[in-house]
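Report on one structure; see the data block that follows.
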Amino acid sequence: MQRILYMIEKEFKQLRRNKVLLRMMLAAPVMQLILLAYAANFEVKNLKIAIVDQDHTTYAQRLAGKFRYAERRQIGNFLFQGYLPNSKSAYEELLAGRADLVLIIPPHFERDLGKENQASVQLLVNAIDGTKGGIASGYAQTIIRDFNLAIRTENIDFDAGSLAGLNVTNQYWYNPRLEYKTFMVPGILFELMLLIGGMIAALNIVREKEIGTQEQLNVTPIKKHEFILGKLTPFVIIGLIQFTLGLVVGRFLFQIPIEGSLLLIYGFAFLFMLLSVGLGLLISAISDTQQQAMFVVFFCLVIFILLSGLFSSTQDMPQWAQYLNLLNPLKYIIEVGRNVLLKGSTLRDMQSQFFTLLGMAIALIGLASWRYRKTV
């Protein structure tokens, strides 16, 4: 036990001397959390729309007014760019990026509605960004559908209020304001913990190999488990401090609700830090230089983050990706963070995630301990 305490003391002294690394471990994650929470945002706003009116009738002006009204009332998030003379100009606006969507109202639009009870309009949508293009098209089609309903009810002899219909009242649970930051912050917080535990721990140990400190430790009577525990403890403590700072920032800056038990979320954070540092120890055990360790950590982090469900739902991924995701610890901890913080889930609700993370932590620490050799 005394040798473990000496190892922990050594690690803290080493970190204290490296002030740049210590600041990066404590201050940088908080800054990254703030920046990423604002920047990693899939909300689509301020869609630029232009209109080509080739009919110039009352109905055409009413349809165009629907989009201009949506812009003034922030319904659909449209920014009206003005009228264009023809379709060629519309294509030029899309190519130049000055419009995200163009509505083309063809000639005889009102006449066709009156005589044939149907008419067509054309939507040109810039779909280079598929998500943005799909949402823009959805907004526009909703406005056109409302216009169509209004025209149909005007041409029916009886009162439109007598038509049977359903009134839907939406109630959004766990994120009533539909704010993207509420959804993103818990995931980003655990992503940064993985970064600290995995990358910093791996680079720190590999650096000791390069400068010769590891050789000096190898000739001491320290045992494998003492070495592993001595390396684990400081980074787990620093990771929990970082988690606390991130939780405070999320609560008071982004108003993230904390519906569940703080003890439970800290228990999962502790378990996840053990897993993350275990991953870093394993990477350091198989790496001889910091460049090798950095490459392996970067490779793992990119896969973990992109498949974790932080930015897109894991259920929408291909089947092979979902199978691969079963080995992704970040996926499980993000589910825990969002469910405990936003929904108030209990350990009983999160028991499958708990046992999976526990198994992964034991496996990684066990592999790191087995791979550690007291020989050069």
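Return yes when Leu310 is out of contact with any Ser or Thr (no Cβ under 9 Å at 6 or more places or on another chain), in contact (Cβ under 8 Å) with a residue 12 or more places away in the chain and not in a helix (DSSP H, G or I) and no when it is not.
Values: out of contact with any Ser or Thr (no Cβ under 9 Å at 6 or more places or on another chain): yes; in contact (Cβ under 8 Å) with a residue 12 or more places away in the chain: yes; not in a helix (DSSP H, G or I): yes.
Against the criterion (out of contact with any Ser or Thr (no Cβ under 9 Å at 6 or more places or on another chain), in contact (Cβ under 8 Å) with a residue 12 or more places away in the chain and not in a helix (DSSP H, G or I)), Leu310 qualifies.
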Confirm whether Ile51 is surrounded by 15 or more Cβ atoms within 10 Å (Cβ to Cβ) and either touching a residue at least 60 places away in the same chain (Cβ under 8 Å) or part of a helix (DSSP H, G or I) (or both).
no
Of the conditions (1) modelled with pLDDT of 85 or more; (2) within 22 Å of Glu43 (Cα to Cα), the single one that Tyr172 does not satisfy is (1)
With the first residue restricted to segment 214-231 and required to be aromatic (Phe, Trp, Tyr), and the second required to be open to solvent by 10 Å² or more (accessible area, probe 1.4 Å) and not in a helix (DSSP H, G or I), Cβ contacts under 9 Å at 6 or more apart or on different chains are Phe227/Tyr372; Phe227/Lys374
When restricted to Glu110, Glu93, the only residue more than 27 Å from Leu149 (Cβ to Cβ), surrounded by 13 or more Cβ atoms within 10 Å (Cβ to Cβ) and of a type in the set (Asp, Glu) is Glu93
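Could you please let me know if Gln292 is loosely packed, with under 13 Cβ neighbours inside 10 Å and among the polar types (S, T, N, Q)? Outline the logic, then answer.
Working: loosely packed, with under 13 Cβ neighbours inside 10 Å: no; among the polar types (S, T, N, Q): yes.
No: the conditions fail for Gln292.
Condition test on Thr346, is it part of a loop (DSSP other than H, G, I, E, B) and either at pLDDT 90 or above or open to solvent by 80 Å² or more (accessible area, probe 1.4 Å) (or both)? Talk me through it step by step, then tell me what you get.
On the way: part of a loop (DSSP other than H, G, I, E, B): yes; either at pLDDT 90 or above or open to solvent by 80 Å² or more (accessible area, probe 1.4 Å) (or both): yes.
Considered against the rule, which asks whether it is part of a loop (DSSP other than H, G, I, E, B) and either at pLDDT 90 or above or open to solvent by 80 Å² or more (accessible area, probe 1.4 Å) (or both), Thr346 comes out as yes.
Look at segment 10-30 and say how many of its residues are open to solvent by 80 Å² or more (accessible area, probe 1.4 Å) and of a type outside the set (A, V, I, L, M, F, W, C).
Here is the first cut: in segment 10-30, the residues open to solvent by 80 Å² or more (accessible area, probe 1.4 Å) are 16-17, 19-20, 23-24.
Next cut, of a type outside the set (A, V, I, L, M, F, W, C) only: 16-17, 19, 23.
Counting residues in segment 10-30 that are open to solvent by 80 Å² or more (accessible area, probe 1.4 Å) and of a type outside the set (A, V, I, L, M, F, W, C) gives 4.
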Residues of segment 349-376 being among the hydrophobic types (A, V, I, L, M, F, W, C), closer than 30 Å to Ile211 by Cα and part of a helix (DSSP H, G or I), in sequence order, are Ala361, Ile362, Ala363, Leu364, Ile365, Leu367, Ala368, Trp370
Given the conditions (1) farther than 17 Å from Met184 by Cβ; (2) open to solvent by 40 Å² or more (accessible area, probe 1.4 Å); (3) in a helix (DSSP H, G or I), every one holds for Val277 apart from (2)
Is segment 250-265 home to any residue that is open to solvent by 10 Å² or more (accessible area, probe 1.4 Å), modelled with pLDDT of 90 or more and under 24 Å from Ala202 (Cα atoms)?
-> no
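The values are calculated or read from the model by the stated rules, or taken from the named source; none is laboratory data. Fair warning: this is a prediction, and the values are worked out from it, not measured in the lab. Virtual Cβ from ideal backbone geometry, glycine too; neighbours counted across all protein chains shown. Heads up: the accessible areas ignore ligands, DNA and RNA and are worked out on the full protein's heavy atoms, side chains in. Shrake-Rupley method; radii C 1.70, N 1.55, O 1.52, S 1.80 Å.
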